[in-house]
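The values are calculated or read from the model by the stated rules, or taken from the named source; none is laboratory data. From a predicted model like this one, the values you see are computed outputs, not experimental measurements. Positions of Cβ are generated from backbone atoms using ideal geometry, with glycine treated the same way; all protein chains shown enter the neighbour counts.
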């Protein structure tokens, strides 16, 4: 189990023939010497608001703490291009959910 605190984030919905899966696409800003980075979680099992952050739990046991602010619901140019390629090359329908989604109702345990 790992804990992560990305700078920016988006939730994607993956529709397969048998199920709908929600995953967290996380972005960390790089600096001069290293570029931006990204991570796609194992699948959201729980998402709850805790003050100014959302705590997002995944199937692997990892917990992502993401800012609960609309300005952080985004990607960078690089990580956005990665996400767009994932969507484009997937055999399943994938879409980025809007920020005004009711996150806590998204996944029921």
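Conditions tested, residue by residue: (1) outside any strand (DSSP E or B); (2) over 16 Å from residue 13 (Cβ atoms); (3) free of Cβ contacts under 8 Å to residues at least 12 places away in the same chain; (4) more than 11 Å from the chain's Cα centre (by Cα).
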| position | (1), (2), (3), (4) |
| --- | --- |
| 42 | yes, no, no, no |
| 56 | no, no, no, no |
| 83 | yes, no, no, no |
| 91 | yes, no, yes, yes |
| 95 | no, no, no, yes |
| 98 | yes, no, yes, yes |
Study note, to complete from the structure: Within the range 58-81, the residues that are within 13 Å of residue 11 (Cβ to Cβ) and in contact (Cβ under 8 Å) with a residue 40 or more places away in the chain are 64, 66, 72, 73, 74, 75
Review point. Of all residues in the range 4-28, how many are closer than 17 Å to residue 70 by Cα and outside any strand (DSSP E or B)?
Key: 3
Practice item. Name the single residue, out of those in the range 23-48 being farther than 17 Å from residue 97 by Cα and in contact with a helix residue (DSSP H, G or I) (Cβ under 7 Å, 6 or more places away or on another chain), that is surrounded by the fewest Cβ atoms within 10 Å (Cβ to Cβ). Key: 35
Review point. If only one of 20, 72 is within 17 Å of residue 98 (Cβ to Cβ), touching a strand residue (DSSP E or B) at 6+ places or on another chain (Cβ under 7 Å) and surrounded by fewer than 16 Cβ atoms within 10 Å (Cβ to Cβ), which one is it?
Key: 20
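Let's see how each residue does on (1) closer than 24 Å to residue 19 by Cβ; (2) modelled with pLDDT of 95 or more:
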| position | (1), (2) |
| --- | --- |
| 32 | no, no |
| 39 | yes, yes |
| 49 | no, no |
| 53 | no, yes |
| 62 | yes, yes |
| 72 | no, no |
| 76 | no, no |
| 89 | yes, yes |
| 96 | yes, yes |
